[in-house]
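These notes concern the structure reproduced below.
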C-alpha cells in the first residue's frame, strides 16, 4: 500500500503445468484498476511514483515507475543465484529508496548478508554498500 493509502498493489500468482504466471495489479483510490505490472511489488516510494519490485519471489530487485511500467533501475545479479530477500525504506518526503538485496550466502553464524543501494527516482545509484550485514 502506498504511504498515503491511495494505491494498493495486489500480487497474484497463477500456476500451470507450463509455467508460473506472476503479476501485480495496482488499484487506485476508488478501487479501480489503474495498472498491471509483470513484476511482484514489494512496496511504494514515499511519493508513490515508483515501486520496488521483483520479477519473481526470488528474482532481482528493481525500481519501476509503475504508471508506465518502465524499469528505472535493476540490481546487479548476485554471483551464484538470485536473491531471496528484498527489503526497502522510502525516502521521507521524496522519491528515493534504500534497497537491501539479500545475498545467497549467509555469514558464519547464519547472519544474512546484503547489498545496500540508495536509488533516486531517475534510477541513479546515489550510494551503495556491498556485502554488509
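The table for this structure:
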{"item": "Mean Cβ neighbour count within 10 Å, used as a protection proxy, ranking 34-43, 1-10, 124-133 highest first", "result": "34-43, 1-10, 124-133"}
{"item": "Sequence ranges 94-100, 67-73, ranked by mean other-Cβ count within 10 angstrom, highest first", "result": "94-100, 67-73"}
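Each value in this text was obtained by applying a stated rule to the coordinates, not by laboratory testing. Quick caveat: nothing in here was measured; it's all calculated off a predicted structure. Note: ideal-geometry Cβ built from the backbone for every residue, glycine included; neighbour counts use all protein chains shown.
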